[in-house]
Amino acid sequence: MLLLLLLVVGSCATAASAQNASFPDDFLFAVSTAAYQIEGAWDADGKGENIWDRMTHEHPDYVDDGSNGDVACDSYHKYEEDVEMIKSLGVDIYRFSISWARVLPLGDVSQVNPLGVEYYNKLIDLLIANRIEPMVTMYHYDLPQYLQDIGGWPNPVLADYFREYARFLFDTYGDRVKWWLTFNEPTSICMGYGQYRMKAPAVNAHGFGDYQAAHTMLRAHAMAYRVYDQQYRPTQGGQLSITLNSNFYQPATNSSEDIEAAERALQFNLGWFAHPIYTSDGDYPAVMKERIYNNSIKDGIWISRLPQFTAQEIADLKGSADYFSLNHYTTNLAEDGEQADQYPSHEWDTGVVTSCDPSWPNSSYNIMKVVPWGFRGLLKWVANEYDTKMGIFITENGFADTGEINDTGRQNYYTSYLREMLNAMYLDGVNVIGYTAWSLLDNYEWMRGYTLKFGLYHVDFNDPNRTRTPKASAAMFREIVATHTLPDSGAAMTSSHFA
Ligand code: NOJ
């Protein structure tokens, strides 16, 4: 009898772990890039200047290796090779971004650049001919310089410019593009106005400019969503979302202050953009409204530094996404306290001191430790906090090294993070519908220049041909996609943190 029981328990455990190592049949795999990071051809064929062109040309000293995206991977000329690589990985979707200034050099629809428009037509058509679905990010950090000259994202009128740009994209590409994303990582875009020299346009307006920029982008997102929903969805039938990003924040101790601090960090980072869109109350998280108002009044400012939505804007933002697009890389410890390089600032308002556990493995990016269980923690938190019944699509996840071909660090990162994602799906019931590796190929890593590499494919930046070479991780990713199963499926599936 005992033997029979042991046999039954044993076979159930095997079945459970086999199932846990497999992705559902309809699970989608993708790889991603962004225009400024790969295209190069910064002034070719009528492209307008954007804020990254301007900042890197005027201030190479802001970038670790003094470099820029003038040539980058030269994907403007080598997109056919990129599509071959994507095809060889066997993924369902390619996530890339459109350079606003390449199609509309001044940011305004009054002047269209036909050769720029044609470039994306050719890319989209080639993807579709190879049975790869395009997923298009409309804005991945590269604002036309002309729109920065009128103030950039803190200027509310940019929401209207963005709405018209979005309409132009739906008109031009919407017959073939069914996955749309308005903004990539708006919290990172805000750094360009609030955390000096962290992103272009490097405007130093911490604690004001960042909140204003966020406000314009949220209004712009809602406008684009409503235009799509009412005027394009009936004939084009696609889906639209906004790519949000977050670290996971683990309380540094079990004290109620640190537990609250971790929650606050999530609300001030992810909630800043997710709460207005994915909750039934809408608007910014209550904790943000309260703390920023109190800090503003304490400083004798006549109004909160956090702008206010109108009732109509709150209503337009609520439910303005057809899937939950999430980027995730790493985890921090969170402690109650004040830590900020500048005052006033978003970090100061958050009231959290962040750190990393010294035992967490490093990547080559000092801010990105390898903490796979944090991925599961974040997914659980998101599913608990927001309406995610339409599904969470992981639109970025990846590992930085210095460009090794035999990239064991990246292989370990992907398998361990994917394992925790499966744990979130099977053990916690989180509805994840897709996963995107960042990145298809090594590329320009913003202020880090070419010092860090995230690619499944190596790019030789010293070679004028920008020769691409598959890394070991490309073969591993191809295998995961083909089998819908993680390698080493016999390994323990339950993480120590959320057993
Ligand atoms: C997020 C950004 O979307 C992407 O542009 C960047 O390269 C990766 N994270 C890695 O830092």
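Do we find that residue 371 is under 22 Å from residue 279 (Cβ atoms) and not aromatic (Phe, Trp, Tyr) in this structure? Here the answer is no, as residue 371 does not meet what is asked. Filtered by the rule that a residue be within 25 Å of residue 434 (Cα to Cα), part of a helix (DSSP H, G or I) and in contact with a strand residue (DSSP E or B) (Cβ under 6 Å, 6 or more places away or on another chain), the range 233-269 gives a lone residue, 266. Within the range 268-289, the set of residues being buried (at least 21 other Cβ atoms within 10 Å of the Cβ) and more than 16 Å from the ligand (Cβ to nearest atom) comprises 268, 271, 272, 274, 275, 276, 277, 278, 284, 285, 288.
Among the residues of the range 432-469, the ones that are in contact with a Phe, Trp or Tyr (Cβ under 9 Å, 6 or more places away or on another chain), assigned to a loop (DSSP other than H, G, I, E, B) and either among the charged types (D, E, K, R) or away from the ligand (no atom under 14 Å from the Cβ) (or both) come to 3 in all.
The set of residues in the range 28-45 that are near the ligand (Cβ under 10 Å from one of its atoms) and either of a type in the set (Phe, Trp, Tyr) or assigned to a loop (DSSP other than H, G, I, E, B) (or both) comprises 33, 34, 36.
Checked against (1) farther than 28 Å from residue 210 by Cα; (2) touching a helix residue (DSSP H, G or I) at 6+ places or on another chain (Cβ under 6 Å), residue 166 passes all but a single condition, namely (1).
Here the condition is being within 21 Å of residue 29 (Cα to Cα) and either surrounded by fewer than 23 Cβ atoms within 10 Å (Cβ to Cβ) or touching a Pro at 6+ places or on another chain (Cβ under 8 Å) (or both); of 366, 412, 362, it holds for 412 alone. The set of residues from the range 348-366 being within 16 Å of the ligand (Cβ to nearest atom) and not aromatic (Phe, Trp, Tyr) comprises 362, 363, 364, 366.
Let's see how each residue does on (1) buried (at least 22 other Cβ atoms within 10 Å of the Cβ); (2) among the polar types (S, T, N, Q); (3) more than 16 Å from the ligand (Cβ to nearest atom); (4) at positive phi:
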{"position": "213", "(1), (2), (3), (4)": "yes, no, yes, no"}
{"position": "216", "(1), (2), (3), (4)": "yes, yes, yes, no"}
{"position": "222", "(1), (2), (3), (4)": "yes, no, yes, no"}
{"position": "225", "(1), (2), (3), (4)": "yes, no, yes, no"}
{"position": "239", "(1), (2), (3), (4)": "no, yes, yes, no"}
{"position": "249", "(1), (2), (3), (4)": "yes, no, yes, no"}
{"position": "253", "(1), (2), (3), (4)": "no, yes, yes, no"}
{"position": "257", "(1), (2), (3), (4)": "no, no, yes, no"}
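Of the residues making up the range 342-384, just one is touching a Phe, Trp or Tyr at 6+ places or on another chain (Cβ under 8 Å), under 21 Å from residue 211 (Cβ atoms) and among the charged types (D, E, K, R), namely 349.
Residues that are modelled with pLDDT of 95 or more, touching a helix residue (DSSP H, G or I) at 6+ places or on another chain (Cβ under 6 Å), farther than 30 Å from residue 435 by Cβ and part of a helix (DSSP H, G or I) occur in the range 274-287; there is at least one. Counting only helices (runs of 4 or more DSSP H) that sit wholly inside the range 85-189, those with at least 3 residues that are within 22 Å of the chain's Cα centre (by Cα) are 100-103, 114-129, 158-173.
Residue-wise test of (1) closer than 22 Å to residue 305 by Cβ; (2) touching a strand residue (DSSP E or B) at 6+ places or on another chain (Cβ under 8 Å); (3) touching a residue at least 60 places away in the same chain (Cβ under 8 Å).
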| residue | (1), (2), (3) |
| --- | --- |
| 131 | no, no, no |
| 135 | no, yes, yes |
| 147 | no, no, no |
| 154 | yes, no, yes |
| 168 | no, no, yes |
| 172 | no, no, yes |
| 196 | yes, no, yes |
| 201 | yes, no, yes |
| 209 | yes, no, no |
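Looking across the range 299-339 at every residue that is surrounded by fewer than 20 Cβ atoms within 10 Å (Cβ to Cβ), among the hydrophobic types (A, V, I, L, M, F, W, C) and under 16 Å from residue 226 (Cα atoms), the one that is nearest to the ligand (Cβ to nearest atom) is identified as 314. Screening 196, 225 for residues that are farther than 23 Å from residue 381 by Cβ and in a helix (DSSP H, G or I) leaves exactly one candidate, 225.
Checking each residue in the range 53-84 for being part of a loop (DSSP other than H, G, I, E, B), within 22 Å of the chain's Cα centre (by Cα) and of a type in the set (A, V, I, L, M) picks out 63, 72. Inspect the range 480-499 for any residue being at pLDDT 95 or above, surrounded by fewer than 23 Cβ atoms within 10 Å (Cβ to Cβ) and among the aromatic types (Phe, Trp, Tyr) and give the result as yes or no. For the range 480-499, residues at pLDDT 95 or above, surrounded by fewer than 23 Cβ atoms within 10 Å (Cβ to Cβ) and among the aromatic types (Phe, Trp, Tyr): absent. When 136, 157, 177 are checked against the criterion of being within 16 Å of the ligand (Cβ to nearest atom) and more than 20 Å from residue 54 (Cα to Cα), 136 stands alone in meeting it.
Has the range 144-165 got any residue that is of a type outside the set (Lys, Arg) and in contact with an Asp or Glu (Cβ under 6 Å, 6 or more places away or on another chain)?
Looking for residues that are of a type outside the set (Lys, Arg) and in contact with an Asp or Glu (Cβ under 6 Å, 6 or more places away or on another chain), one finds at least one in the range 144-165, hence yes.
Listed by position, the strands (runs of 3 or more DSSP E) contained in the range 290-401 that have at least 3 residues being within 17 Å of the chain's Cα centre (by Cα) and in contact (Cβ under 8 Å) with a residue 60 or more places away in the chain are 324-327, 392-396.
Counting the residues of the range 435-491 that are at positive phi and touching a helix residue (DSSP H, G or I) at 6+ places or on another chain (Cβ under 8 Å) gives 3. The residue that is surrounded by the most Cβ atoms within 10 Å (Cβ to Cβ), counting only those in the range 177-211 that are in contact with a Cys (Cβ under 9 Å, 6 or more places away or on another chain) and not aromatic (Phe, Trp, Tyr), is 210.
The values are calculated or read from the model by the stated rules, or taken from the named source; none is laboratory data. Please read these numbers as outputs of a predicted model, since none were measured by experiment. Heads up, the Cβs are rebuilt from the backbone with ideal geometry, glycines too, and the neighbour counts pull from every protein chain shown.
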